[in-house]
Amino acid sequence: MLTPFLLLLLSLLSALALRPLPGETAIPLFLLAVVASLAALILLLRAMIGRRRKEGHDRRQDCVVIDGSNVMFWQDDVPRLAAVTAVLDEVKRAGLKPIVWFDANVGYKVADRHMGPRDLSRALGLPLRQIRIAPSGTPADPLLLEEAAALGTGVVTNDLYRDWVEAFPSVRVPGVLVSGRVTADGQALLKWAA
């Protein structure tokens, strides 16, 4: 991005130095410097847009979606946020950014009360922007599968999503669904694709 910036700077300085005085007609070198300035500006804008797209693409590839409503049962089949936290630790250790989805009733399952995104963000130690809760009456499954497909990433879950295979055929692709368990001592064991 330095090269387009330097081209723009040099062409603007050239145009400034070659600008005609009042009452003079524009000389061809001045017009050439103006055209070069416009071309350099276009190159700079394209470089900036391309860099933003690349950064966004890299961020998406580093994500993984977690089916929190499934994962919370991974330790002794009892719903616990500690199981989700153990999986989050393992996902982060793998260098991935987790996006966690829950059904609307998550709070009643783990704390006998309603829990919103802020409550879960605090409980899990995750930024609010990485927590998703499905609207009441809507299962989280199609929403999390849609986000995973849009991001081109996998889903940490033991669910096979048989009800959603037709709408999301990617769940059949090996490695898209990452299964696992949480041991009695709270260690998450994930079966990453080889």
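If the condition is being closer than 16 Å to Val178 by Cβ and surrounded by fewer than 21 Cβ atoms within 10 Å (Cβ to Cβ), then region 74-90 contributes Asp89, Glu90.
It is to be established whether one or more residues within region 167-178 are closer than 18 Å to Ala94 by Cβ, in contact with a strand residue (DSSP E or B) (Cβ under 6 Å, 6 or more places away or on another chain) and in the same structural domain as Leu81 (by TED's automatic domain parsing). Among the residues of region 167-178, at least one is closer than 18 Å to Ala94 by Cβ, in contact with a strand residue (DSSP E or B) (Cβ under 6 Å, 6 or more places away or on another chain) and in the same structural domain as Leu81 (by TED's automatic domain parsing), which makes the answer yes. The residue that is modelled with the lowest pLDDT, among those in region 12-30 that are aliphatic (A, V, I, L, M), in contact with a helix residue (DSSP H, G or I) (Cβ under 9 Å, 6 or more places away or on another chain) and surrounded by fewer than 16 Cβ atoms within 10 Å (Cβ to Cβ), is Ala26.
Of all the numbered requirements in (1) of a type in the set (Ser, Thr, Tyr); (2) outside any loop (DSSP other than H, G, I, E, B); (3) touching a helix residue (DSSP H, G or I) at 6+ places or on another chain (Cβ under 9 Å), Thr153 misses one, and that requirement is (2).
In this structure, does Pro98 turn out to be in a strand (DSSP E or B) and either modelled with pLDDT under 95 or surrounded by 14 or more Cβ atoms within 10 Å (Cβ to Cβ) (or both)? Against the criterion (in a strand (DSSP E or B) and either modelled with pLDDT under 95 or surrounded by 14 or more Cβ atoms within 10 Å (Cβ to Cβ) (or both)), Pro98 qualifies.
For Leu144, indicate whether it is touching a strand residue (DSSP E or B) at 6+ places or on another chain (Cβ under 9 Å), crowded, with 17+ Cβ neighbours inside 10 Å and not in a loop (DSSP other than H, G, I, E, B). Answer is yes for this residue. Regarding region 54-67, can at least one residue be identified that is at pLDDT 85 or above, more than 20 Å from the chain's Cα centre (by Cα) and of a type outside the set (Lys, Arg)? Looking for residues that are at pLDDT 85 or above, more than 20 Å from the chain's Cα centre (by Cα) and of a type outside the set (Lys, Arg), one finds none in region 54-67, hence no.
Do any residues in region 180-194 that are free of Cβ contacts under 8 Å to residues at least 40 places away in the same chain have Cβ atoms under 7 Å from those of residues that are assigned to a loop (DSSP other than H, G, I, E, B) and of a type in the set (Gly, Ala, Ser), where the two are at least six apart or on different chains, and which pairs are they? From region 180-194, the pairs are Ala193/Gly175. Among all positions in region 83-103, there is at least one residue which is over 23 Å from Lys191 (Cβ atoms) and over 16 Å from the mean Cα position of the chain (by Cα). Annotation: Arg132 fulfils all but one of (1) surrounded by 12 or more Cβ atoms within 10 Å (Cβ to Cβ); (2) farther than 27 Å from Glu166 by Cα; the unmet one is (2). When region 149-194 is limited to residues that are in contact with a Ser or Thr (Cβ under 8 Å, 6 or more places away or on another chain) and hydroxyl-bearing (Ser, Thr, Tyr), the one that is surrounded by the fewest Cβ atoms within 10 Å (Cβ to Cβ) turns out to be Ser179. Between Gly175, Gly116, Gly137, the distinction of being free of Cβ contacts under 8 Å to residues at least 24 places away in the same chain and at positive phi belongs to Gly175 only.
The values are calculated or read from the model by the stated rules, or taken from the named source; none is laboratory data. Quick caveat, the model's predicted, so the values are computed rather than measured. Ideal geometry is used to build each Cβ from the backbone, glycine not excepted, and the neighbour counts take in all protein chains shown.
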